[in-house]
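Here is the structure we will look at, set down as C-alpha cells.
The values are calculated or read from the model by the stated rules, or taken from the named source; none is laboratory data. Nothing here was measured: the structure is a model prediction, and the numbers come from that model. Counting neighbours? That spans all protein chains shown, and the Cβs are built from the backbone with ideal geometry, glycine included.
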Amino acid sequence: MATDYDAPRKPDEDASEESIEELKTRRTNTQSAVVDEDEAEAADSFELPGADLSGEELMIRVLPAQSDEFTCASCFLVRHRSQIAKEKDGLYYCVECEG
C-alpha cells in the first residue's frame, strides 16, 4: 500500500485540542533557567593572560631529536625523515607545509 507523506499524520478528530494557556504553562514548567555548574571548578580551567607561572614546574622529560627525525622549518614540528618534502639552504620542510 502506498503512503501519502503529504497527508496529516493524525486526523483532526484524534488530535486533542489544548488552549494556548495550557501549552504555555506546560512549556514553562519543563524549562529551567538554573545551570548546575560549580564556579570554582570552572575558574580553575581558565588561564588568565599575564598570570605568573614562574613557580610551576613541568614534569615532562624532553628528548633530543633522534637520528631519524627532523624539525620542519615552517611549522617547527618534529617529524620522521620520511616526511621530508624539500630541503632548502640546509633547512627541511615537511610534506604538509609544502603540499
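Residue by residue, here is whether (1) out of contact with any Phe, Trp or Tyr (no Cβ under 9 Å at 6 or more places or on another chain); (2) among the basic types (Lys, Arg); (3) modelled with pLDDT of 70 or more holds:
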site	(1), (2), (3)
Ala2	yes, no, yes
Lys10	yes, yes, no
Glu39	yes, no, yes
Leu53	yes, no, yes
Leu63	yes, no, yes
His80	no, no, yes
Gln83	no, no, yes
Gly90	yes, no, yes
Report task. Report, ordered by the first and then the second residue, all pairs with beta carbons closer than 7 Å, sequence separation of six or more or different chains, a first member in region 61-84 that is free of Cβ contacts under 8 Å to residues at least 24 places away in the same chain and surrounded by 11 or more Cβ atoms within 10 Å (Cβ to Cβ), and a second member that is in a loop (DSSP other than H, G, I, E, B) and of a type in the set (A, V, I, L, M). Result -> Thr71/Ala65; Val78/Ala65
